[in-house]
Amino acid sequence: MNNIFWELSFFIISLYSISCSWFDTNDDVAEFFVDVSSISISHYPYMASIVKQISLRGNEFLCSGTIIGQSFSHGIVLTTATCLLSIMMEGIRLKELRVRTNSEYWEGCQCDLLAKEYEIKTVHVHPNFSVDYREIGKNDVAIIVIKGHWKGPYDKTSLGSKLTTFPDAPNDKLFALGWRIKRKPPIESTDLRKTDNLMVIPKRSCSGYFKTNLSEQTFCVTNENIQQGGPCHFNRGGPLLVAVVGNIALKGIALYAPTCEAKSKPAVLVNISFHADFLSSLSQFIGSNIHDDTDRILNMAKLLHSELED
């Protein structure tokens, strides 16, 4: 196998599987950079975590997601297709997953009485998504349909403060939401954080950090003061937001985020404005006969495994 294939395979693995590269190896604790603050879920009620339930009181964090609505009495969460693909590659079954909302914490605890956890009914990825290292991030969006409607007070609030999308949303003063996590047991949850003062950088500047092609449907962000470091631990599938004329707009969702050790490396985002048609067509596959892409994702995961092992 030639060097180019190995380089491409390494990059695919970094994007398409959950690994310890998402965590800062310095004391096994993820560190946020300077422009970060604790926030309340009441201010950002659309934030969700996608977890694997490992016990009645514990979860394993997998990805982030964003509540984008409710249809036919089922709550809807937006994330990346690679989030779901990476979960399948880990051998995690759909029935083991939960969408956790209404809380600043992704790990269950008795103190967190407001938190809600929902089983997943089905998942749906963009019909044109495929694993293609020549265009990383192309059509890399997916939705999760939960069993039942949103029940938490903040979940319901999110329906009234629905996020908007703007094709020409600003490229600076952006902010991201995410969590700080310990990698090794005992896993300790920390509160939801807001990372401020992010900006979009030119694609040519971003491409210099990666050895494969990024789709035109992607863009990259880093801190406005680059000396402070990149947006480390901006969780996969998590939202990048911006204030526009009194509204909060969803500009992108995280495809890749650097470790805190890679201080100058940018994060890669899927530009959500490219996928307005996909999001507006929810009613086509949500209803009495909900379409399910689980088998399709499983087949892609198996194919990717076989390609990387050849």
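Overview of results
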{"quantity": "Neighbourhood net charge (10 Å Cβ-Cβ; Lys/Arg +1, Asp/Glu -1) for H74", "calculated": "+2"}
{"quantity": "Per-residue HN-Hα couplings for region 42-52 [Karplus 6.51, -1.76, 1.60; θ = phi - 60°; Hz; x = Gly/Pro]", "calculated": "5, 7, 9, x, 8, 7, 9, 10, 9, 10, 9"}
{"quantity": "Theoretical FRET efficiency, 1/(1+(r/R0)^6), r = Cβ-Cβ of E216 and F166, R0 22 Å, to 0.05", "calculated": "0.75"}
{"quantity": "Whether region 73-170 is rounded, prolate or oblate, judged on the alpha carbon gyration tensor where a/c under 1.5 counts as rounded", "calculated": "oblate"}
{"quantity": "Gain in span if fully extended, R134 to S73, counting 0.36 nm per residue against the direct Cα distance", "calculated": "18.1 nm"}
{"quantity": "By average C-beta atoms within 10 angstrom, highest first, the peptides 191-198, 205-212, 100-107", "calculated": "100-107, 191-198, 205-212"}
{"quantity": "Net charge of neighbours whose Cβ lies under 15 Å from the Cβ of E96, counting Lys and Arg as +1 and Asp and Glu as -1", "calculated": "+3"}
{"quantity": "Distant-in-sequence amide H partners of N271 (H built 1.01 Å from N, under 5 Å)", "calculated": "T218, F219"}
{"quantity": "Rough spin-label spacing in nm, given labels placed 7 Å along Cα→Cβ, for I54 and A276", "calculated": "4.2"}
{"quantity": "Flagged links, alpha-carbon separation over 28 Å, of K95/K116; K121/K203; K95/K203; K156/K265; K52/K151", "calculated": "K121/K203; K95/K203; K156/K265"}
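Read-outs throughout are calculated quantities, based only on the coordinates presented, and are distinct from any laboratory measurement. Because the structure is predicted, anything quoted here is derived from the model rather than measured. So basically every Cβ, Gly included, is an ideal-geometry build from the backbone, and we count neighbours across all protein chains shown.
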